[in-house]
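Read through the structure below, which is laid out as structure tokens, and then see the notes.
No value in this document is a laboratory result; all are computed from the given coordinates. The model shown is predicted, which means the values in this text are computed figures rather than measured ones. Positions of Cβ are backbone-derived with ideal geometry, glycine not excepted, and every protein chain shown enters the neighbour counts.
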């Protein structure tokens, strides 16, 4: 599965967008939402406000409040130069002691278990260090007229990335070693691109610097390996979804994925784009009704949080390690208007278009029935991998309960996701035997089988011949056990028992052969055994704890059959050596190799 953005929901909507300062993480699925007049502790799961702390209008908050991981206190900046700390149980923060600094504070940052204060002079200090020396000046390394436009701490590398804007609007970058007090910078580096303006920046935890420019170009710079004089670094891709002439916000979601929030290129609303920077593709996007400049967006463990007017929107996301299997086909394009079946001629020096020839149509639509072809064409959304496309087709036909078309799709498509196999199997299990009777021709099964062992129950097929024929079309499909195990729990315990009984029937009666003929639809012995193992694995606890006699008898019958097959195969091992000697014309060994007339199976000493 490719990285994706999930459905949007709203957290709260009781603030003016101009008063919102920032959103930071608290603990245990909680957020701190800081406005100029208050700080709110918000529970993301319950969508409710837990606590709120208010300050007087003449003492506004000027930086987003953060949680001190060591003391578990809330730390906030009031009126640029004052630090206030209070516990989550505090009711009136006006009574809490405030510590003043001579130098204005730009921002509070948290890295690991440490809170850092970033002063407007460029100086960066640990909270405890700064409080112990708050009366001392914080001269830093910035000159008059220079202001911080971006600052971030790269935790693992113990480095600070700071971008400073000069009076003339030009930018310079500082890459500093993180200590308990950073007050000097040896050198700075120009951050510029010809005929372009920086509109978005993000320093990743992997020490890569992602920048987006007004020309739409996206660059990546490795702070560990590359020479800082070569900023902005390697050109990645041209951003086509977002209007990059306006400011954008870049957020790190993982080592290989970033989210970019900016102005939608097609209209006035906002757009959140999830981009895979390893393969340079957009894997998902979410449209938002409003955009404000500069954009306000943050990332938490629960999802991306975006300020949309007077509301905070929460957009959960799923990311995983980038590889071709997850990325291929994830760049979904929308087909507007009527799709065309015209293609360029394969003849040389012929630039005209012609209708797809019959041979190509047969290849494209795999000789499907007319009804299935119409469904496939109606659901076409551009260039998709087969697995993604099959998911759409299967979902549509399950909703319409098209049993025969589902069976045809299982035969025509080769790359069928495991989730689709389980969804179709679930539908088949819910249908009655009579619903399959008149759909197609199928072999008639012997419903009961008398096993050779004495005192053993008859082996019965739990499904009618028609239903069994359709289920076989699922069981004989290739799958990956890891993926199938994720979706197997969707099958109810009762249906799982019916499948176990059916697989036992296939194995015991010999319907499931070692190497089935090409025109036989029944799963092979290997496939039937594999499905049986996975069903036992998924339903292990319920099978162990059940007190139903019928289930115990079924499991005992399965055990007996498997034991007999194992003994039979073990007996063939000795025969294999005999055949090998006959084929190679070797003399038989005089010593018994276990294939004598008698063998000792059990010895009892009394």
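The mean sequence distance of close C-alpha pairs (under 8 Å, at least 6 residues apart), as a share of the length of the range 406-539, puts its relative contact order at 26 percent. Between 0 and 90 degrees, the angle of helix 386-400 with respect to the longest Cα principal axis of the chain falls at about 70 degrees. With a cut-off of 18 Å, note down the residues of the range 26-50 whose backbone N falls inside the zone around a label point 7 Å from the Cα of residue 104 toward its beta carbon. Counting only backbone N, you get 36-37. Label-to-label distance for residue 556 and residue 43 is 5.1 nm, based on points extended 7 Å past Cα in the beta-carbon direction.
Go ahead and run the numbers for FRET between residue 441 and residue 177, Cβ-Cβ distance against an R0 of 51 Å, rounding to 0.05. For residue 441 and residue 177, the calculated efficiency is 0.10.
Fully extending the segment from residue 167 to residue 144 would add 7.4 nm, taking 0.36 nm per residue of separation and subtracting the current Cα-Cα distance. Highest mean first, the peptides 288-294, 303-309, 148-154, 570-576 sorted by other C-beta atoms within 10 Å per residue fall in the order 303-309, 148-154, 288-294, 570-576. Relative to the longest principal axis of the chain, what angle (0 to 90°, nearest 10) does the C-alpha long axis of helix 493-509 take? For helix 493-509, the angle is close to 40 degrees.
In plain terms, the chain from residue 490 to residue 431 could stretch by 19.6 nm, reckoned as 0.36 nm per residue minus the Cα-Cα distance. The range 229-283 and the range 114-186 have Cα centres separated by 27 Å. A helix-only calculation puts the chain at -8000 deg cm²/dmol for mean residue ellipticity at 222 nm, using -39500 (n - 2.57) for each DSSP H run of at least four residues, averaged over all residues. Projected label points at residue 370 and residue 563, each 7 Å from Cα along the beta carbon direction, are separated by 5.9 nanometres.
Put simply, when 499-505, 486-492 are sorted by average Cβ atoms within 10 angstrom per residue, most first, you get 499-505, 486-492. Helix 549-583 and the long axis of the chain differ in direction by around 70°, with both axes built from C-alpha atoms.
Using C-alpha pairs below 8 Å separated by at least 6 residues, the relative contact order for the chain is 7 percent.
Looking at the chain, the DSSP beta bridges with both ends there are about 100 percent antiparallel. Here the spin labels are modelled as points 7 Å beyond Cα on the Cα-Cβ line, and at residue 536 and residue 576 they lie 2.2 nm apart.
Between residue 546 and residue 246, the FRET efficiency from the beta-carbon distance, with R0 = 56 Å, is close to 0.35.
At full extension, residue 27 and residue 194 could sit 55.8 nm farther apart than now, given 0.36 nm per residue minus the alpha carbon distance. Would you please classify the overall shape of the chain from the alpha carbon gyration tensor, given that a ≥ b ≥ c denote the square roots of the eigenvalues, rounded means a/c under 1.5, and beyond that prolate means a/b larger than b/c while oblate covers the rest? Prolate is the answer for the chain, as a/c is 1.5 or above and a/b outweighs b/c. Summary value for the range 408-477: 36 percent relative contact order, contacts being C-alpha pairs under 8 angstrom separated by 6+ residues. Taking a ≥ b ≥ c as the square roots of the Cα gyration tensor eigenvalues, with a/c under 1.5 meaning rounded and otherwise prolate when a/b beats b/c, else oblate, which class fits the range 120-167? Oblate shape, in that a/c is at least 1.5 and b/c is the bigger or equal ratio.
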